[in-house]
Amino acid sequence: MRPATSILLLTTATGFGFGLLAWLGAYATLGLLPPAARVLLAAGITVSLIFASFGLAASVFHLERKERAWRAFTQWQSSWLSREGVAAVLIYPVAIAFGVAFWRDGQSLWVRLLGATTLIGSLGTVYCTAMIYASLKPVRQWHNAHTAPDYLLYALFSGAVLFAALRTVVLGAPGAMASVAAGMAAVAFVAKRAYWRHIDQQAPLATLAAAIGMPNGKARALDAPHFSENFILRQMGFTIARRHAARLRRLALGIGFALPLLLEGMASLAVAPRASTLLAFACAALGLLIERWLFFGEATHVSALYYGRRV
Amino acid sequence: MTMLPERAPGAKKFGLVIDLDTCVGCHACAVNCKEWNTGGEAGILPDYDQYGAQPDGVWFNRIHSYETEEGGCSRTVNLPRSCLHCEDALCVTVCPTGASYKRVEDGIVLVDTDKCIGCQLCAWACPYGARELDEKAGVMRKCTLCIDRIHDENLPPAEREPACVATCPARARHFGDLADPESEVSKLLEARGGLDLLSDLGYRPTNKYLPPRRATIPSAPAPAPSPDGKGLGAALLKLLDKALSR
């Protein structure tokens, strides 16, 4: 599948934004926000909504008819894309009310309730995004049990890294967030390895012979319907050489997960916390963009089979 | 509304039955489809760079040719590929705007181009590659089963069939109501056995393919590999080959 820049930015940036919101909500739900954290929470909600807005704005650039984008909010009964849009918009007033309530009253029952709603809403939005891909039966690399939990894990990982950096900037130290982020980096690392193992061992959805109704025969594409690439081949026939994929996988693991693990570990031991957490955030952002590029670039669509391509 | 409609009792199920045994791969159906749909109700089907080096454009119907072998016999199979108007059409349910829909009265899957935002998710959801982006209008396009012909009461009844069916010189394409067991297409399926493309994916396509009949003339055996590396002649040739490939 062709990795479109707009979708890479959408899924990565909303992962950071909603991931951070989820952690803020979790802290409030558990009553762990100290009364002195007013500025931190206000900054956290602002930063997370900026990330989410950047991602959602990028997604609009994927649309051919941007002026009709509002129509995408109407079909939430059947469409995960529509649900993502509705959930993403609903989370804004909740998150803002959560921040305002804490600013005014400090920890209270209302803050706990709004924090819990923010936590569920932000993870719910990420889940909707993941299900857009996980529900597509023609793409075996997406339609599997890894996609949805992985998206949630990467959002929680990126949110933790962002939270650790923000807490260090605002309060001078990352607190427990550095250890949490390091732990999430380790979990995300393992999850990504498990996903790649899974798609590497998966059987193709069909063979060409089976796709043209000769399951016991052999088939080879002789003449294509057209000589030049068309929309289907540009979108669905996108392939990446195994050699390049292997190199990018190493880069994604190293920059996206291993380096943040190391840097957050350093920060949790109070070794240059500001530089470590900020660098960890930069690494995670770059690594997750590479990881997301591969999520699309390595995915194959069964329709390309009719053109004799490997799926 | 992108929820799939409940099938009403007695509703029609219009679709195509395509005979892979008689299709000669002439592309006439694709050409007539393009011709009809670029001027009919569906409006212009765009072309890009049509006189240049990389001509491209939107087509509702595309014809593939395959070399196949089964049971020691080989043959060419031509496969026209277009929208199959599936009963479980994922392209409809993924649509966030309601532009994609399946008609209750005859099961035809259509795009309302006034509502489509061109997010292209429906194209990703279709395993048959049947939906293409109109890059000039920024909306998705697909086979309409020539809805403006089959329901046009100004046409003589015999002509109320899709352009691809009307033009097929090998009579490999048949149009009719697949919900009616007495229709010609249902009888054809009964006699020949219908084939669902990629049936394992569970889209339950309406369009069926009649499988190619088993070839009975065995293919000629593959030529034996030439003896290599034996005798003076082969040694000389090898030397020559080495010298020339430098």
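Does A:P174 satisfy the criteria of being more than 14 Å from every other protein chain (Cβ to nearest Cβ), crowded, with 20+ Cβ neighbours inside 10 Å and part of a loop (DSSP other than H, G, I, E, B)? Steps first, please.
Numbers: more than 14 Å from every other protein chain (Cβ to nearest Cβ): yes; crowded, with 20+ Cβ neighbours inside 10 Å: yes; part of a loop (DSSP other than H, G, I, E, B): yes.
Taking the combined requirement at face value, the residue satisfies it.
To keep it simple, each residue is scored yes or no on (1) within 23 Å of A:G256 (Cβ to Cβ); (2) under 14 Å from the mean Cα position of the chain (by Cα); (3) not assigned by TED's automatic domain parsing to the domain that holds A:L20.
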position	(1), (2), (3)
A:A116	no, no, no
A:M131	yes, yes, no
A:W142	yes, yes, yes
A:A145	yes, no, yes
A:F163	yes, no, yes
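Note on region A:20-40: among residues that are of a type in the set (A, V, I, L, M, F, W, C) and in contact with a Phe, Trp or Tyr (Cβ under 6 Å, 6 or more places away or on another chain), the one that is nearest to A:G159 (Cα to Cα) is A:L20.
Search region B:13-47 for residues being assigned to a strand (DSSP E or B) and in contact with a Lys or Arg (Cβ under 8 Å, 6 or more places away or on another chain), and hand back the single one that is surrounded by the fewest Cβ atoms within 10 Å (Cβ to Cβ). I'd like the intermediate steps shown before the answer.
Narrowing region B:13-47 to residues assigned to a strand (DSSP E or B): B:14-19, B:47.
Next, from what is left, pick out any that are in contact with a Lys or Arg (Cβ under 8 Å, 6 or more places away or on another chain): B:15-19.
Numbers: B:G15: 25, B:L16: 28, B:V17: 26, B:I18: 27, B:D19: 20.
Here the answer is B:D19.
Give B:A222, B:A166, B:A172, B:A215 a once-over and let me know the one that is surrounded by 10 or more Cβ atoms within 10 Å (Cβ to Cβ) and within 14 Å of chain A (Cβ to nearest Cβ). If you could, list the steps in order and put the result at the bottom.
Values: B:A222 fails: surrounded by 10 or more Cβ atoms within 10 Å (Cβ to Cβ); B:A166 fails: within 14 Å of chain A (Cβ to nearest Cβ); B:A172 fails: within 14 Å of chain A (Cβ to nearest Cβ).
Every option except B:A215 fails the conditions.
Scanning region B:104-125 for residues that are within 14 Å of B:F60 (Cβ to Cβ) and either free of Cβ contacts under 8 Å to residues at least 24 places away in the same chain or at the interface with another protein chain (Cβ under 7 Å from one of its Cβ atoms) (or both) yields one hit, B:A123.
In the set B:T68, B:T97, B:T76, which member is over 19 Å from the mean Cα position of the chain (by Cα), polar (S, T, N, Q) and at the interface with chain A (Cβ under 8 Å from one of its Cβ atoms)? Give the derivation first.
Numbers: B:T68 fails: over 19 Å from the mean Cα position of the chain (by Cα); B:T76 fails: over 19 Å from the mean Cα position of the chain (by Cα).
Only one candidate passes the filter, namely B:T97.
Where helices (runs of 4 or more DSSP H) fall entirely within region B:129-244, those with at least 2 residues that are over 19 Å from B:G15 (Cβ atoms) and not hydroxyl-bearing (S, T, Y) are at B:231-244. Hey, can you tell me all the residues within region A:206-222 that are more than 7 Å from chain B (Cβ to nearest Cβ) and part of a loop (DSSP other than H, G, I, E, B)? Within region A:206-222, A:T207, A:P215 meet the criteria.
The values are calculated or read from the model by the stated rules, or taken from the named source; none is laboratory data. Since the structure is predicted, the reported quantities are computational estimates derived from the model, not experimental observations. Cβ: placed from backbone, ideal geometry, glycine included. Neighbour counts: every protein chain shown.
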